[in-house]
Amino acid sequence: MSQKTPIPPKWPDRFLSWYCNDRVREQVQGDAHELFYWRLEDKGISRARRAFMWDVVRLFKWSNIKRTNRQKQQLNNIAMFKNYFKIGLRNLWKQKVPSTINCIGLALAIACCLVAYKFAERDFFIDTFHEKKDQIYLVTPVKMRNNTPRTSSVTDSRISDLIVTDVPGLEAVTRYQSTVLNITSDDREFRSYVGFVDRNFFSQFSFEIIHGEPDPLNAPDKIVVDEKVAEKHFGDQHAIGKTIRLKLQGREKEFVVSAVIREVGDFSSFQTGYLIPFENYKNGLPDGFGTIYTFLTVNEQVQINQLQDNITQLLDFLPDEEKGQYREVRLTPFTKLMSLFGELDEPFAFGINYTGIAVVGGIASFMLLLAIFNYINIATVMAMRRVKEIGIRKVIGGKRRQLVLQFLTENFILCCFTMVMGALLARVFLPWFNLVADENYFFDLANNYRVWTFMIALLLLITLASGMYPALVVSRQRPITILKKLSGKREKNRLIRVLLTIQLILALITLVNAVMFIQIEWHNKTKDWGFDRKSYVSVTGIPANEFETFRNKVEGLAAVRHISTSQTSTSNFGYFKQIKSGEKKFAAMILQGDVEYPKAIGLRLLKGRYLLPDSRPDQETSIVVNELFMRRAGLDSLNAQVKLDSITYRVVGIVQDNYNWNLPLNLAATIVKWSPDDDANQLIANTTPESLEDVKASLVNLADPFIHKLGVSVQASPDIYEGYFKVAARTRNLMLFSASLVILLAGMGIFGVVSLGINNRIKFFGIKKVLGASRRHLYKDVYKPFLIVVIIALVIGAATSVIIVNPVLELAFTDPQSVSALAVLLAAGLLMVVGVLTINTQVRRLVRLNPVETLRDE
Amino acid sequence: MGTKGTYIGELEELVLLVVGLLYEGAYGVSVLKEIKEQTGREVNISGIHSVMNRLEDKGLLRSEMGGASNTRGGRRKRIYFLTAAGKATLDQVRSVREKLYSQLSSLPNYQFSA
């Protein structure tokens, strides 16, 4: 034989040992090898190799192949899992405190994930349960608004009437609108949304009728309610045939319940608590008024383009001046309404809240990551205390794979338990989250297979993510090392410290984030907005023919300093337009009003003058702009010329930069432009902050004759901006909540590691105490390993928080601030305090410890 | 294997005989080699395994794990032994065959075709 003994071909050999059943592997492989060497002498290397490969192929047969479903093995498995289960439970019980910490931490994170899932779920699955959803289209007319075509979701009542009677090729036309009404039954009064729908609503949209007639809205005085409403009104009595009174156009009207439908909660954009026939809505409308959602159910063979043209032709029936506002009528698929939210005016569906989902989902995954790190850390330490068990299992023939499986099974048990806890916690969190997010989520585990799928996926994920590492590390131990107590402790400690460091870094980032959100929110609330946001009242919706009289009445009020009329609505401050100044082109916000407008909202004039009250030419050709506008336009002096809609205007005044409600707190280049009184639809009355409430009350009084009309509203300016602060406060609360959770998790993480560390070395401490170690020594011993971890975590955490939090702030605020050193210091300080308090509880336990207790059993 | 009973095939008979011959040294490869030497037939190892498993199921062979050798990479062999039932079957097969053969040779005028 040559220097190197030839061996059977490697890969076929591996294949053989892979597929071979354990029972026969030894003899089969042995035979194959022996034959190889026999042939080697007989016939040479290449033929021996070839023959070996052939043998491997021939031996690949049923009786030799590894199979898992042999009956004997299955029986074995049950016994094995029973054993794992028992040992797993015993271990959990033996190490109660760390197990509990692990469970609670993970359960909190799971609860966050479930809430986040709930938050995202609705946006993606709303309105998807209708069987005919692919056949249904919403009529969306394209109208001109401020010279730009905008697609509206609602149709004029005259058009929708014509569609019902004149358009061929439609399976059904279903109209819908909803409004808040007063509802009475049994002397109790509610205010709630009531939906008005056509009779065929239930045949076009898949709402399940639980009780009552299949065609429930066949008479004008019938009403359909959902389960929840039925229970609210009638308790456990049968609702069908009972009456509910609604206040319609100022008169009470009686309706008879004809059906109860299954509640779909957030999963429908329709308000389905109360549904009454559509006639009731139309009868209350003035002619030509009315904004109605008109849904068409289209037969599959109909051409949508042709249908759009047919409906567009119906516009000819409108009076000429109204017809001029329309471009055309389009049809928007029902299934696209969520994603097209931003492009449709008066939207039917809410739209997908991508930013919200990203923020909430981000927080939840952060929590999960933290909790899993926490878990891995504690689980590894816990498992390391059981190395003797591992050693013995290995010696009596346990394979590594089996040990990993054992640990994963135990972990699975714990995770299942945690999942249940998490779901319960989520139920506790949800009402609170609803309050913060102004939503109405609830868990309906019974009917929602999606939640179940999500929970099972999450369970598998956390079982593997949290259990794999400890299982692998522990099962890697060699029995000889374990049983001889040659422990490789140094390496393990390093790993745990790395994980703890990462955990503290994540905690610090979250804390810095929360501190910054609080800081910016507070700053935005208190800073100067560049105009008087606390001292005017706005009235909108007064009919054009009454406007002058109304204005005269307001002028009679003593407390009012300036009155202005303007063309913009309360919540919408203005609109953007393309501006030309010399060669420069940019977008600027246009605010339109009369001469008094800048004074009424309290803009601050820096240079020049406002428009002249008596000079029409001045009003038509002059504008007042803000400082940012001047910078953008590259202008530096008064009397400069800019072009807007091909008309040239002269800048006569410059005001201080003003923040804007529209784009929350964003600075925009702004033009204040004159507009004639007859276009006005808003009245602004400026007063002193002290008399604001009085003025508002007087204006409400004055507007009372019109208040029954749709759309009249009287709002004090602080209330208008209140909306922004509510949103900001919600976000801040969310960040605050996640920060508190993170502190809790970090605290629990430190606690777990410290207490397990002490327990592992309890004899060491006992001996130290016996030898007279002082309190100071004990503190030093416990703190020493953490010092380096904390320092590294704080340094890296501070750096990464600057890198990560700044982009988040830029996303969340249009006028963000950068992460300040103070915020980082504050967060780091908070984290340190939590850490010190946690560690101290453990050291105090050590100080009180009687060393005899620890040393007695040896 | 019930219905097949004690009927055995030709290869099975061969293997039974060889296992008996080899006495304590009968395992897959040695049986294969012995068959080749004694009869010149090349049987593949997978076939030998199947036959021996089948015979063990029928109770004609019995097996236990035996010693290892270097060429097997330290793996043990499965050694097969002829059981009493195995020997009885061989006897029966032989007697049937001889009975039939003796009748063949007692036909004096038979012309064997080419």
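The values are calculated or read from the model by the stated rules, or taken from the named source; none is laboratory data. Given the structure is predicted, the values throughout are model-derived calculations rather than measurements. When we count neighbours, we look across all protein chains shown, and the Cβ atoms used for this are built from the backbone with ideal geometry, even at glycine.
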Would you check if residue B:76 is under 24 Å from residue A:30 (Cβ atoms), modelled with pLDDT under 85 and either surrounded by 13 or more Cβ atoms within 10 Å (Cβ to Cβ) or among the hydrophobic types (A, V, I, L, M, F, W, C) (or both)? no
Out of B:95, B:106, B:63, which single residue is away from chain A (no Cβ under 14 Å), surrounded by 10 or more Cβ atoms within 10 Å (Cβ to Cβ) and more than 18 Å from residue A:37 (Cα to Cα)? B:95
Subset of the stretch B:21-53, residues away from every other protein chain (no Cβ under 12 Å) and aromatic (Phe, Trp, Tyr), comes to B:23
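To keep it simple, each residue is scored yes or no on (1) within 22 Å of residue A:752 (Cβ to Cβ); (2) assigned by TED's automatic domain parsing to the domain that holds residue A:165; (3) surrounded by fewer than 20 Cβ atoms within 10 Å (Cβ to Cβ).
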| residue | (1), (2), (3) |
| --- | --- |
| A:304 | no, yes, yes |
| A:321 | no, yes, yes |
| A:331 | no, yes, yes |
| A:355 | no, no, yes |
| A:358 | no, no, yes |
| A:369 | yes, no, yes |
| A:379 | yes, no, no |
| A:389 | yes, no, yes |
Here are some conditions: (1) under 25 Å from residue A:42 (Cβ atoms); (2) without any contact (Cβ under 8 Å) to a residue 24 or more places away in the chain; (3) touching a Ser or Thr at 6+ places or on another chain (Cβ under 8 Å). Residue B:80 meets all but one. Which one does it not meet? (2)
Out of curiosity, is residue A:717 closer than 29 Å to residue A:180 by Cβ, polar (S, T, N, Q) and either buried (at least 20 other Cβ atoms within 10 Å of the Cβ) or in contact with a Cys (Cβ under 6 Å, 6 or more places away or on another chain) (or both)? yes
Can you work out which of the residues in the stretch A:60-76 that are farther than 15 Å from residue A:22 by Cβ and within 14 Å of another protein chain (Cβ to nearest Cβ) is modelled with the highest pLDDT? A:60
Looking only at residues in the stretch A:42-57 that are free of Cβ contacts under 8 Å to residues at least 12 places away in the same chain and more than 10 Å from chain B (Cβ to nearest Cβ), which one is farthest from the chain's Cα centre (by Cα)? A:42
I'd like to verify a number: residues in the stretch A:715-726 that are of a type outside the set (Lys, Arg) and in contact with an Asp or Glu (Cβ under 9 Å, 6 or more places away or on another chain), how many? 3
Selected residue [modelled with pLDDT under 85 and in contact with a helix residue (DSSP H, G or I) (Cβ under 7 Å, 6 or more places away or on another chain)] from A:352, A:372, A:311, A:304: A:352
Could you tell me which residue of the stretch B:70-88 is nearest to the chain's Cα centre (by Cα), considering only residues that are polar (S, T, N, Q) and more than 7 Å from chain A (Cβ to nearest Cβ)? B:83
Take residue B:42 and decide whether it is of a type in the set (Asp, Glu) and part of a helix (DSSP H, G or I). no
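Here's the yes/no breakdown for (1) farther than 29 Å from residue A:827 by Cβ; (2) at pLDDT 80 or above; (3) of a type outside the set (Gly, Ala, Ser); (4) not assigned by TED's automatic domain parsing to the domain that holds residue A:758:
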residue	(1), (2), (3), (4)
A:477	yes, no, yes, yes
A:481	yes, no, yes, yes
A:493	no, no, yes, no
A:496	no, no, yes, no
A:504	no, yes, yes, no
A:509	no, yes, yes, no
A:513	no, yes, yes, no
A:520	no, yes, yes, no
